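Trainee: What follows is a single structure, and I will ask about it in a moment.
The values are calculated or read from the model by the stated rules, or taken from the named source; none is laboratory data. These figures come from a predicted structure and were not determined experimentally. Note that each Cβ is placed from the backbone with ideal geometry, even for glycine, and that neighbours are counted across all protein chains shown. Only protein heavy atoms, including side chains, enter the accessible area calculation; ligands, DNA and RNA are left aside. Shrake-Rupley method; radii C 1.70, N 1.55, O 1.52, S 1.80 Å.
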Amino acid sequence: MSMSSELAAGIEEDDLRFNNLSTIQKAKASLTSLSPKSSEDITLLQRMISACSGSFVTSLVVTPFDVVRIRIQQQEILPISKPCCEVHFPADVIAKHKSTAGMPPELFWLSQNYCKGAENCFKITSTFQGFSTISKHEGIFTLWRGLSLTLFMTIPSNIIYFTGYEYIRDNSPLKSYILNPLVCGSCARVMAATFVAPIELLKTRLQSIPSDKSANPKILSNLFKDSYSIVKQKGMGTLFRGLKITLWRDVPFSGIYWSCYELFKDKISTVLNADFQKSNIAEPVEDWKIFATSFISGSLSGTIGAFCTHPFDVGKTRLQITSEQVGKETTHKRPSMFKFLTTIYKQEGLRALYSGIGPRVLKIAPSCAIMISSYEIGKKFFRSGNRN
C-alpha cells in the first residue's frame, strides 16, 4: 500500500470516527430533550419527596374546613331542626322517616349510638360560625377529627397524583396538544382516588359524627370495628362505597385544575419573568417568583375546579354517611349517579347541590396553592442540587 493510500485511509478512518462521535452526541442530545427526567435533572424519588413536602401543613390547615363542610352537607338530609342523636331523633320518628316515600335516608350513626352523650345540636349557617359552634359544643379538637386518616391518605395520594400526572404528561402522545393537561390530570386522579378510597370513606364517616366535649374516645376504633364487620358480611366492595361519584367529582376537578394551572402558570410566569427550569440557587428572587406563580395559579385553579364539581361532592358525602341498609327495604334499584343528583335538585333545589361550597372553596384554594407551590419549590431545590 502506497503512502498516499495509507494517508487517505487514515483520513477516512478519522472522518468516520468524527462522524460517529457527532452522531452519538446528537442522539444523546435528542434523548435528553425527550426524557423528562434528563431535561429536569430530577429523579422519580425526588419528585415524590417534593409531593410530600406540603402534605402535613396542608392537612393541618384544611381539616377543619373539611369537618364543617361535611356537617353542613349532612344537615340537608335531616328532617328536623336539631337531630343530633336519638334524644332528638326517637326510634318512632326514624321508623316513620324510613318508611315515608321521598324522604332522605337514615344516617349511619343514628341507629348505632355513636353520639349518645351529645345533648345539643346547633345548626351551622356559615363556615366560621361552624368553627365556633363545633368548638363550643364538641371541643376545639373536633375540628381536627380525622387528621391522622387525612395524613395517612394524603401522602400516598399526593405521591401518586403529582408524580403520576407529570410522568403521564411528559410521555403522553398528546404532549403537544392543549388538552394534554386535562387528560393526564384526569388519569392521575383516577389512580390516586381509587387507591385511597377506603380511607376517604372512613374519614368522611368519622367527621360526620357529632359528639360532646366528653365524647367517647373510642369513636374511631368503633368505626373500624363496624367497618370490619360490614366487610365480613358484604365483602370488600363496601370499602369503596361512593367511589363512583367520587371519581365523577375528582376526575373533572383534576382535568379542570391542571388545564387552568398550566394556563395561569404560563401567563403569570411571563408577567413575573419566573423561570421554573433555572437552577441558580444564588438568586433567591427566583424562588419567590416561582412560589408566587405556583401559589396564585394553584389557588385560582382549585377554586374554579371546586365550584364546577361541587354537586358531586354533595352526592359523595350523602352516599358515604347514609346507612348501608338504604335500598334493601325496597325492590327499587339504586338510582344512577345522575338520577341521584337530579332527585336532590328536584326535591331540594340548586342550593342543596351547593351546600358546603364555602368551606370547600376555603379548603381547596389554600390546599392547592400550598401543595403545588411546595411541589414546585421542592423540585427546584433538588434540580439545583443535582446540577451543582
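Trainee: Which of the residue pairs Lys136/Lys218; Lys136/Lys244; Lys175/Lys379; Lys265/Lys316 have a Cα-Cα distance greater than 25 Å in the structure shown?
Mentor: From the list (Lys136/Lys218; Lys136/Lys244; Lys175/Lys379; Lys265/Lys316), the Cα-Cα distance tops 25 Å for Lys136/Lys244; Lys265/Lys316.
Trainee: Per 0.36 nm of contour for each residue apart, how much would the distance between Val57 and Ser323 grow if the chain were fully extended, relative to their Cα-Cα spacing?
Mentor: Contour length minus the Cα-Cα distance gives 92.4 nm.
Trainee: Describe numerically, in nm with one decimal, the distance between label points set 7 Å from Cα along Cα→Cβ at Ser132 and at Val271.
Mentor: The modelled label-to-label distance comes out at 3.5 nm.
Trainee: Here's another thing I want to ask about it. Show me the ranking of peptides 361-372, 191-202, 133-144 by mean Cβ neighbours inside 10 Å, starting with the highest.
Mentor: Answer by packing, highest mean first, reads 361-372, 191-202, 133-144.
Trainee: Under a crude label model (7 Å from the Cα following the beta-carbon direction), how far is Tyr354 from Gln75 in nanometres?
Mentor: 1.7
Trainee: While we're here: Quick one: length gained pulling Phe224 to Phe340 fully straight, 0.36 nm per residue minus the C-alpha distance?
Mentor: Answer, rounded to one decimal: 39.0 nm.
Trainee: Next question. Please give the solvent-accessible surface of Met153 in Å², to the nearest 10, using a probe radius of 1.4 Å with every protein chain present.
Mentor: Rounded to the nearest 10, that gives 20 Å².
Trainee: Given H placed on each backbone N at 1.01 Å, which residues far from Thr322 in sequence or on other chains put an amide H within less than 5 Å of it?
Mentor: Phe108
Trainee: Just to check I understand the Karplus step: with θ = phi - 60° and J = 6.51 cos²θ - 1.76 cosθ + 1.60, what whole-Hz values come out for region 43-49, glycine and proline as x?
Mentor: Along region 43-49, the couplings run 7, 5, 4, 5, 5, 5, 4 Hz.
Trainee: Given a 1.4 angstrom probe, what's the average accessible area per residue across region 189-271, in square angstrom?
Mentor: I get 48 Å² per residue for region 189-271.
Trainee: If the chain between Lys234 and Phe152 were fully stretched, how many nm would it gain, using 0.36 nm times the residue separation less the Cα-Cα distance?
Mentor: The Lys234-Phe152 span can extend by a further 27.0 nm.
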